[in-house]
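*Asks:* What follows is a structure written as structure tokens; I'll ask about it next.
The values are calculated or read from the model by the stated rules, or taken from the named source; none is laboratory data. A quick note: this is a predicted structure, and the numbers were derived from the prediction, not measured. Cβ: placed from backbone, ideal geometry, glycine included. Neighbour counts: every protein chain shown. The protein model used for the area step is the full one, side chains on, heavy atoms only, and it has no ligands, DNA or RNA in it. Shrake-Rupley method; radii C 1.70, N 1.55, O 1.52, S 1.80 Å.
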Amino acid sequence: MSSVSLRLPNDIAERLSLLAKETGRSKTYYMVEAIKTYIEDLEDIYIAEQRLADIRAGKSQIISSEEMEHRLGLEN
């Protein structure tokens, strides 16, 4: 596991300390969880932007859920 040095604004550091104290979890736990969540969100945004660029460039197409069900043989 890697270590990282991070300077937090006082208000954020105080909130983090209070949360950790009240929940019995470590500040590190919450920092790791926050970073994981934020990175996942950024990755999702990046993928969406790439898909949109592909659609605009004609490299991909949009199909309806009904068409996808039909193609996969999932119609009722």
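*Asks:* Could you grab me the full set of residues in segment 2-30 that are exposed (fewer than 10 other Cβ atoms within 10 Å of the Cβ) and over 22 Å from the mean Cα position of the chain (by Cα)?
*Replies:* Ser5, Arg7, Pro9, Asn10, Asp11, Glu22, Gly24
*Asks:* Name the single residue, out of those in segment 31-76 being over 11 Å from the mean Cα position of the chain (by Cα) and among the small types (Gly, Ala, Ser), that is nearest to Leu19 (Cα to Cα).
*Replies:* Ala48
*Asks:* Only one residue in Glu67, Glu33, Glu49, Glu75 is free of Cβ contacts under 8 Å to residues at least 12 places away in the same chain, open to solvent by 100 Å² or more (accessible area, probe 1.4 Å) and charged (D, E, K, R), so which one is that?
*Replies:* Glu49
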